[in-house]
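These notes are about the structure you will find just below.
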Amino acid sequence: MAQSTFTNSSLQQPLKLACGITIPNRIAKSAMSEQLADRHGSPTTDLQQLYAAWARGGTGLLVTGNVMIDHRAFVEPRNVVLQDEQFLQANKLWAQAAKANGSKIIMQINHPGRVAVLPLLKKPIAPSAVGLDLPAMNIIRIPRAMTEADILEQIKRFATTAELAVKAGFDGVQVHAAHGYLLSQFLSPLSNVRNDGWGGSPENRQRMLIETVRAVRQAIGKHKILSVKLNSADFQKGGLSQEESLKIALALEAEGIDLLEISGGNYESPAQLGYAPDRSAQRDAYFIDYATALRKQSKLPLMLTGGLRDVDFMNHIVANGTVDLVGLARPFAIQPDLAKQLLAGKSVLKPAKIPAVGYKPVDAYLQLGWHAAQFRRISSGQQPKAIKGLIRTLIAFGPRMGFNILTQD
């Protein structure tokens, strides 16, 4: 395990964003899907306790798992939904628990588009009627192409959810435009084959994201954090390229966002989990080349997530200005006090071996279920405990997921 020689390390330095909010250190917990809402979409005490544990662990910035902007479209069952004031009090308690130790928290707001798991028997909406390039999905789940009225409605919903998040006490929001969800689908030439003002040229494919960012900023004001999560690339032939993504990042900087989180991949090519076809993405930081290229053109505060494990490397890329925040996700499921360890100069523990079958989309779901089981342990005051073996992982995950799908309101 690497031990940093920094006595006053770069990771320990606060970061003041343009909106005026200061993040107490350079460590961020990136979003993971907790699946700990109730069947109606309200945050639970389990969710509060999970975030309280991460806050006690010294994390500078907490980014929630994706919160749905529309109760008609879920990424997974038991996602939080925030579309009106019905669950505002529960969201206030969630924010309070996360902020009790000085951490900042932003709510990741999202619409799944064509990858919606629920409702099962209803066609999902998407930029175009193009199904996922996965077995059966490109036959049985062909989405309905959105009308312009649909597009304008979802932009408004992003803004409404953002306004409610800030009202509930969150320090801001993160607009999810990565990983093959709705806004990412608009950006990709593979999933957006429209020929109107919302597709075709790169500028038109960017339009929904830019309009959403403008609406969200207007909703939350200039003194709250407006972050965007963006794919460095889709890691698919014909998908969003790094070159085009860099231009989108510069357009977002021009819109005055406070923080850009860099990620990559989607359901068909889950690079964010280390399953990129490009071997270079298997290194310590999956998307460091993109961050380095963007920094040459931009002063935008950057958060890099994916594969970061060595504390000296993290300190190095913050110290030299390549990135401003280091984002980690899966290690927080095993080490709730991870931030304290990193701030003390200790690298991430060697990860537990998660069962895999060798088919990337299925393995991504096994990862999801394995980590969700750890969240449930942490939220109930237990220590994380590695689940060993494929059968045990399926038992810990499968029946619960099935029950949650069948009982989701």
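Taking the Cα centre of the chain as reference, the dipole from Cβ charges on Lys and Arg (+1) and Asp and Glu (-1) amounts to some 880 debye. Using the Karplus curve 6.51 cos²θ - 1.76 cosθ + 1.60 with θ = phi - 60°, what ³J(HN,Hα) values do you get for each residue of the stretch 202-217, in whole Hz, with x for Gly and Pro? Ordered by residue, 3J(HN,Hα) equals x, 4, 5, 5, 6, 4, 5, 5, 5, 5, 5, 4, 5, 5, 5, 4 Hz.
Hey, got a sec? Which trypsin sites (Lys or Arg not before Pro) in the stretch 358-409 land in a DSSP loop and have at most 16 other Cβ atoms within 10 Å? Sites meeting the loop and neighbour criteria: LYS385, LYS388. Modelled spin labels at LYS340 and SER241, positioned 7 Å past Cα toward Cβ, are 4.8 nm from each other.
Ligands, DNA and RNA left out, the 1.4 Å accessible surface of the chain is 55% carbon and sulfur atoms. Under a 5 Å amide H cut-off, with hydrogens placed 1.01 Å from N, THR305 pairs with ILE262, GLY327 among residues at least 5 apart or on other chains. Per-residue Karplus couplings for the stretch 154-169, computed as 6.51 cos²θ - 1.76 cosθ + 1.60 with θ equal to phi - 60°, are listed in order as 5, 4, 5, 5, 4, 5, 5, 4, 4, 4, 5, 4, 5, 4, 7, x Hz, Gly and Pro entered as x.
With the charge dipole of the stretch 321-409 set up from +1 on Lys and Arg Cβ and -1 on Asp and Glu Cβ about the Cα centre, the Cα lying farthest toward the positive end among the listed residues LEU338, LEU349, VAL323 is that of LEU349. In this structure, HIS223 and ASP289 have a Cβ-Cβ separation that, at R0 = 45 Å, corresponds to a calculated FRET efficiency of about 0.85. Highest-first packing order for the peptide set 124-133, 193-202 is 124-133, 193-202, based on the mean count of other beta carbon atoms within 10 Å. The residues of the stretch 194-244 expose on average 43 square angstrom of accessible surface per residue, using a 1.4 Å probe on protein heavy atoms.
Between HIS40 and GLU253, the simple label model (points 7 Å from Cα in the Cβ direction) yields a spacing of 4.6 nm. Tell me, what is the FRET efficiency for SER201 and ASP133 to the nearest 0.05, using R0 = 35 angstrom and their Cβ-Cβ distance as r? About 0.95, to the nearest 0.05. Only helical runs count toward this figure. For the chain, summing -39,500 (n - 2.57) over DSSP H runs of n ≥ 4 and dividing by all residues gives -11500 deg cm²/dmol at 222 nm.
Under 15 Å from the Cβ of ALA149, count the other residues' Cβ atoms, weight Lys and Arg +1, Asp and Glu -1, and hand me the total. Overall, the nearby charge balance is -1. The phi torsions of the stretch 292-305, fed into the Karplus equation with coefficients 6.51, -1.76 and 1.60 and a -60° offset, translate into couplings of 5, 5, 5, 4, 5, 10, 9, 9, 4, x, 10, 10, 9, 10 Hz, rounded to whole numbers, with Gly and Pro shown as x. Among the listed values (1) 37, 24, 21; (2) 41, 23, 20; (3) 28, 25, 22, the one matching semi-axes √(5λ) of the Cα gyration tensor in Å as calculated from this structure is (3).
Give me the percent of DSSP beta bridges within the chain that run antiparallel, rounded to the nearest 5.
15
The alpha carbons of the stretch 1-127 give a radius of gyration and a Dmax of 16.9, 57 Å, in that order.
The values are calculated or read from the model by the stated rules, or taken from the named source; none is laboratory data. Computed from a predicted model, the values in this text were never measured in an experiment. As a convention, Cβ positions derive from the backbone with ideal geometry for all residues, glycine included, and neighbour counts pool all protein chains shown. Ligands, DNA and RNA are excluded from the accessible area calculation, which covers all protein heavy atoms including side chains. Shrake-Rupley method; radii C 1.70, N 1.55, O 1.52, S 1.80 Å.
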